[in-house]
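Contents: one structure, followed by commentary.
The values are calculated or read from the model by the stated rules, or taken from the named source; none is laboratory data. All values reported here derive from a predicted model rather than from experimental measurement. Please note: Cβ atoms are built from the backbone with ideal geometry, for glycine as well, and neighbour counts cover all protein chains shown.
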Amino acid sequence: MMADDYDTRDTLRPLVFRLHENVPAIVREVLMERGWTEFKKKEQDDADWNLYWRNSPFRMTDHHSIKPWQRLNHYPEAVRITRKDYLARNLKRMKGAYGSALYEFSPVAFIMPNDYVKFIAEYTKESQSVDRGPSYWICKPVDLSRGRGILIFQDIKDLVYDCTVIVQKYISNPLLISGYKLDLRLYVCVTSFCPLTIYTYKEGLVRFATEKFDLGSLDNVYAHLTNTSINKYGSSYKKYKEGIGCGCKWTFSKFRSYLRIFGVDDVVLWQKINNIVILTLLAVTPLPVASNCFELFGFDILIDDKFKPWLLEVNYSPALSLDCSTDDTVKRKLLHDIVELLNYKQIDTFRQNQVTGIKAGRKQVPWSTGGDSYTKETPGLVTCQKVAKCPSASSVQPALQAARGSIRKVATLTKKAARAHPRKTLTSQLRERMNMPKAPAQAKAEGRNKQIPGAGHSLHEFSCRLPTPDFCNHRLTTRPYFLSDKDQRPIPRVGDFVLVFPFNEAALQASRDGTDIKSIIKEISKLVSKQLPSKQQNTKKRVGYLTSV
């Protein structure tokens, strides 16, 4: 049988997904709708899957052993932005470094009990101010979600906690629609932290409280919290609510249309929200280098009655359960578009070639799409280079020459052995050694190497990964999954995912060379200065309509 016959047959094999326990059923449903098959651990090799999805973080060994055709749905240490106290510290640091003008979108947070003295000073200052009205505060456990453990108070004697919490000024003037409080669940997909590449989802969820907003009853969670996990148990959840309807959710599309009816400039509003997303992610950039990952965040945004957006929190593994038809409308297409964004059509050929190449007698070696390891020669055609300059690669050549024969021998023993890289061979041991974390001095030196969009590693690092020098003569017709064929830049739009960073050439260049945050902040400042404020005429009239009881 000819080699091409193997290629034709094997490229028709379906993509394989692997799910951890507690992953919402809709993830499986969407992937099955797309013709994928589920990974069967007892029947398939450990590496024979394309996408591994889980709600909790992966182990670092999972990141270190990632194969070219695989994707993980989490980056290491993404908790830096999703745990409330970590987020508060990072935003405070950015505000100190780059000024409060850009970073005034999140209320100052006091991490208790460490910041108790600072909070008492601020609380006393607010209480004694004659010009200000009454102050309200909100207390949240730092590592809980779905509205659990939240306390809203005015008198400090009501502040009671038994774990680490953050206390913030409560936004007591939220935008109301027919008297009901709301917030936005914005979906954000980061396809790379180095260089930073951010997509926001055009569609999303507007989440309503199910009882009318009332500062006179701070303990009424159905009036002050918008979490569906809480409101679906309220007595008003299934009832028709004037101006809102049944349930507690709208789509962004419906919300935009509603705002336009009252003359609100929703374009400017969304520009401000996108700025919040970029500035927040810059606070934790870069995360540890990891190949073939993506991260779906849930940004919770509150809009006040002056149409200023505020960041409430960032959610890790945002809920994908289906509580209503609105959930199904938004989340099902969201998952479909995520798979489109990951661009599996060409990536999967690497997984297939591990089988077909060995069967046909060709030399096949792993390829990482996350590395800065290729040079563009013709559109869509890339090749490795400069491997001879890597001492690690040249020093293992004799051993690798001897190992090639072993690979073919092992591959003929069983079908299972041919599905992925041999496990306990000299080649696999060398590969593991090459993927060991680098010493700080080496990592610092490689950080100075020029990178391209989608590159998470330097040329030196990638060349050290190559177990077979002959691979440098093998041309590849693929590229990192989020880059365009035309110019190796991030794809501007996939489905309803819209690229918001990098937003211009200067931001792109600043993100290529080790993420120059200072230069990026300057570009964002220029962008903000160009964004015209919303039209102010009839603002009170519009707000009156929106907030009418």
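Give the residues of segment 251-289 that are part of a helix (DSSP H, G or I) and surrounded by fewer than 16 Cβ atoms within 10 Å (Cβ to Cβ), sorted by residue number. Steps first, please.
Start the filter on segment 251-289 by keeping residues that are part of a helix (DSSP H, G or I), which leaves 252-261, 266-282.
If the condition is that a residue be part of a helix (DSSP H, G or I) and surrounded by fewer than 16 Cβ atoms within 10 Å (Cβ to Cβ), then S253, K254, S257, R260, I261, V267, V268 are the ones that fit.
Of all residues being surrounded by 20 or more Cβ atoms within 10 Å (Cβ to Cβ) and aromatic (F, W, Y) in segment 53-85, which is modelled with the lowest pLDDT? Just the residue, please.
This residue is W69.
Where the second residue is among the hydrophobic types (A, V, I, L, M, F, W, C) and at pLDDT 90 or above and the first is farther than 18 Å from R512 by Cα and lies in segment 482-499, which pairs have Cβ atoms under 8 Å and are six or more apart or on separate chains?
From residues that are farther than 18 Å from R512 by Cα, the pairs are R493/L499; V494/L341; G495/L341; D496/L334; F497/C189; F497/I338; F497/L341.
Any chance you could count how many residues in segment 80-136 are closer than 21 Å to P309 by Cβ, part of a helix (DSSP H, G or I) and of a type in the set (A, V, I, L, M)?
5
Need the failing condition index for R493 against (1) over 15 Å from L196 (Cβ atoms); (2) at pLDDT 90 or above; (3) buried (at least 16 other Cβ atoms within 10 Å of the Cβ), just the number.
(3)
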